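Undergrad: Before I ask anything, let me first share the structure, which is written out below as structure tokens.
No lab work stands behind these numbers, since they all come straight from the coordinates. Because the structure is predicted, anything quoted here is derived from the model rather than measured. Ideal geometry is used to build each Cβ from the backbone, glycine not excepted, and the neighbour counts take in all protein chains shown.
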Amino acid sequence: MDPAKKLEVIKQVERDSVEEMKAYQVQQTKMGDNEDREQMAAQAKGLPFWRLMKELTMLGYFTSEDGIKSSFEYVPIPGKLEMIQMKPNQKSFAY
Amino acid sequence: MNLNLKATNANTYDAIVVGSGMTGGMAAKELTERGLRVLMIERGREVKHIEDYDTAMKGPWEFEHRGKVSIQSAEEYWANSRFGTLANEETGEFFTDDKKNPYIEKRPFDWIRAYHTGGKSMHWGRQSYRMNKKDFEANVKEGIAIDWPIRYEDLEPWYTHVEKFVGISGQAEGWEVLPDGHYLPAMPMSAPELYFRDAMMKKLKRPVTIGRIANLTKPQPWHTELGRASCQYRSKCARGCPYGGYYSSLSGSIPAARKTEKLTVLHDTIANEIIYDEKTQKAKGVRVINQHTMAVEEFFAKIVFLNAGSMNSAALLLNSKSSRFPNGLGNDSDQVGRNIMDHHLGVGANATVEGFENDYVFGQRPNALYIPRFRNWGTDKKDFLRGYGYQGGASKSDWKRGITMNGFGADFKEDMTRPGTWTMGFGGFGEILPDPSNRMFLDKDKKDKWGIPMIVFDAAFGENELAMRKDMMASAVEMLDAAGFKNVSGFNRTDTHPGLGIHDMGTARMGKDPKTSVLNKFNQVHACKNVFVTDGAAMVSSSCVNPSITYMAMTARAADHAVKELKKQNL
């Protein structure tokens, strides 16, 4: 398969899972002292393949030591809380 | 005979405190500082401040499941899992294995427990608000349940006393609905939050303030003396804080009590029964079971403080039967175990915020905004009673936004390393009315592995709570709309039950009349005055504010009274 075709196939898989996800009626909820939680009506059926793989890939990479340190400004002990302005090319802080 | 006497002497203290959590810690501190020798009994394992906070300094990559709950943990922690991810590898060791400590649900009850030193103070939300004057009068004015035997003024000095010791950061506002306490400097609001606060006052006349939270922004000498330092803005409080940045029994009250050298703590020891002396008509001690060896032992004291958590304190009363109290110690009124209250939650709204692209935050604020009750307050009148407060705030989205976005590949990955747009959302905490049919009791036949009758829950939300929830969602949507935010979406979880607020209370209420209440105005069991119950069980109504600071204030007040009465030889 040529690269353009491959890309189109992946995009189609993505479009399909967006459609599939509609049945899950996903809701972002907040619990108690701010625990965020995703509520889904149809969770028991399991997530669509694309959505699950994407979530796990992103989670796995962005919480790995290399992933965090190369992607973000990793500040495990901020020591202070400040409202600041974005710098040019500002990376997300990871804690 | 002599041997027995020796054993009795060795097991005799001035006071026994059952529980080491929020109120047990405070009771131990207040009693030891007044010169009493205190035995604290904790049913769970020992957790040592700082050295046992195993996960506190770990990076995200050091957790095998990266914050997700494994299938095995979800099964073991079946009740905890109703809340969310409490049983994950970061904090799971500070919650209780529900499979090993089962309970029975006649109607569902979401019981979240923490059996170890410090109890739930280890991972409480730390939000600390005083109840207001009207909270104490609401029952009698509306003809609900019974009247509080105390008023705001009775607790006021004790709020001050515990607030200073605990160390609460917040902003004094001068609002009658949310009485000001004594605060360390407030944490800042972000730019969209400041905009939201001003918009709410201008458009809806609803006040918004920064959360009043038990994290040290400017430690005072009495905090540093106990080894506590300023909050480091990591917002990983629930793992235990190696800096003592937030208040818990472990960082605050227990170290303070230990300084007096009058505190003895027993771990892995389940208080099974209060021993009642028919001759003196007083409690003379507590019978305990070692949770590992099953060994039974008795301890004796002049006074007993029950701080086992509302449900377990009530269970201990119910399990303490004698010929004087065939239905459980202090249960002449049949109110022990009844009137379970909590705060209902899981209802609110979220939105995306346009603009503020250049604003960002350094550090993780372990705190949120607070929107105090506005319903049925002043001239506002709704078709339900009481009200609710909201907690929430704005945050700039991180890589997690990518999970639900379209996109993949190198550009997508690069984009995810940068902050996204702001989102804002909040959820409510609603007052629950006392209802005697919302109750817990001990099963007649089923016993746990220590031979203690199992707790059965039989409680549900009533019509008032359900009506309030609809309004909680609608008002949250209304406020985010009024602020001009986009993609506003409300939520109202229908899978929640009493207990999930982890503010369970009311099972041994105070009152003026022994026929309708369990405790008097100083938290003493009406018919057995040397037993004090000063955890959430004592609550007569629930208000809508987070209750821990009120429990602590009541505890300090009761401890002061207990020592004065002891000196007068009245106990």
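Undergrad: Going by the alpha-carbon gyration tensor, a ≥ b ≥ c the square roots of its eigenvalues, is the range B:121-256 rounded (a/c under 1.5) or, if a/c is not under 1.5, prolate (a/b greater than b/c) versus oblate?
TA: oblate
Undergrad: Calculate one ³J(HN,Hα) per residue across the range B:46-51 by plugging θ = phi - 60° into the Karplus curve 6.51 cos²θ - 1.76 cosθ + 1.60, and present them in order as whole Hz with x for glycine and proline.
TA: With coefficients 6.51, -1.76 and 1.60, one gets 7, 10, 8, 3, 6, 5 Hz.
Undergrad: Which value, in debye to the nearest 20, gives the size of the charge dipole of the range B:171-227 about its Cα centre, when Lys and Arg are +1 and Asp and Glu are -1 at the Cβ?
TA: Dipole size: approximately 320 debye.
Undergrad: Enumerate the calculated ³J(HN,Hα) couplings along the range B:238-249 in order (Karplus 6.51 cos²θ - 1.76 cosθ + 1.60, θ = phi - 60°), each rounded to whole Hz, writing x wherever the residue is Gly or Pro.
TA: Each residue's phi maps through the Karplus curve to give 5, 7, x, 10, x, 9, x, x, 10, 7, 8, 4 Hz.
Undergrad: Using only helices, what value at 222 nm comes out for chain B when you add -39,500 (n - 2.57) per DSSP H run of length 4 or more and divide by the total residues, to the nearest 500 deg cm²/dmol?
TA: -7000 deg cm²/dmol
Undergrad: Rank these for me by crowding, B:ILE371, B:ILE403, going from fewest to most other beta carbons within 10 Å.
TA: B:ILE403, B:ILE371
Undergrad: Past 27 Å, Cα to Cα: identify those pairs from B:LYS106/B:LYS512; B:LYS120/B:LYS164; B:LYS282/B:LYS521; A:LYS22/B:LYS120; B:LYS99/B:LYS282, in the order given.
TA: Listed pairs above 27 Å: B:LYS106/B:LYS512; A:LYS22/B:LYS120; B:LYS99/B:LYS282.
Undergrad: Right, another one. Looking only at the protein assembly as shown, where both bridge partners belong to it, what percent of the DSSP beta bridges are antiparallel (to the nearest 5)?
TA: The antiparallel fraction comes to roughly 70 percent.
Undergrad: Translational diffusion coefficient of chain B at 20 °C, 1.002 mPa s, Stokes-Einstein with Kirkwood Rh over Cα pairs, in µm²/s as a whole number.
TA: Value of D from the Cα-based Kirkwood radius: 88 µm²/s.
Undergrad: Please order A:ARG51, B:ARG228 by the number of other Cβ within 10 Å, starting at the fewest.
TA: Exposure proxy ranking, most exposed first: A:ARG51, B:ARG228.
Undergrad: When the scattering of the range B:23-161 is computed by the Debye formula from its Cα atoms alone, each counted once and equally, what is log10 I(q)/I(0) at q = 0.15, 0.16 Å⁻¹?
TA: Normalising to I(0) and taking log10 leaves -1.01, -1.06.
Undergrad: Under the rule a/c < 1.5 gives rounded, and otherwise a/b versus b/c splits prolate from oblate, where does the range B:328-379 land using the Cα gyration tensor?
TA: Prolate, because a/c is 1.5 or more and a/b exceeds b/c.
Undergrad: Would you mind ranking B:TRP158, B:TRP61 so that the residue whose beta carbon has the fewest other beta carbons within 10 Å leads the list?
TA: Numbers: B:TRP158 21, B:TRP61 15.
Going from sparsest to densest Cβ surroundings: B:TRP61, B:TRP158.
Undergrad: With just the Cα atoms defining each centre, how far is the range B:230-292 from the range B:38-73? Give it in Å.
TA: Spelled out, the Cα-based centre of one part sits 18 Å from the other.
Undergrad: Nearest 5 percent is fine: what portion of the DSSP beta bridges confined to chain B is antiparallel? Kindly include the intermediate steps, with their values, before the conclusion.
TA: Values: 52 of 74 bridges.
So the antiparallel bridges amount to about 70 percent of the total.
Undergrad: Calculate how large, on average over all directions, the projected area of the Cα convex hull of the protein assembly as shown is; give the answer in nm² to one decimal.
TA: Here the figure is 30.5 nm², rounded to one decimal.
Undergrad: Taking H as built 1.01 Å from N, whose amide H comes closer than 5 Å to the amide H of B:ASN438, not counting residues under 5 places away?
TA: Counting only residues 5 or more places away or on other chains, the set is B:ASN339, B:ILE340.
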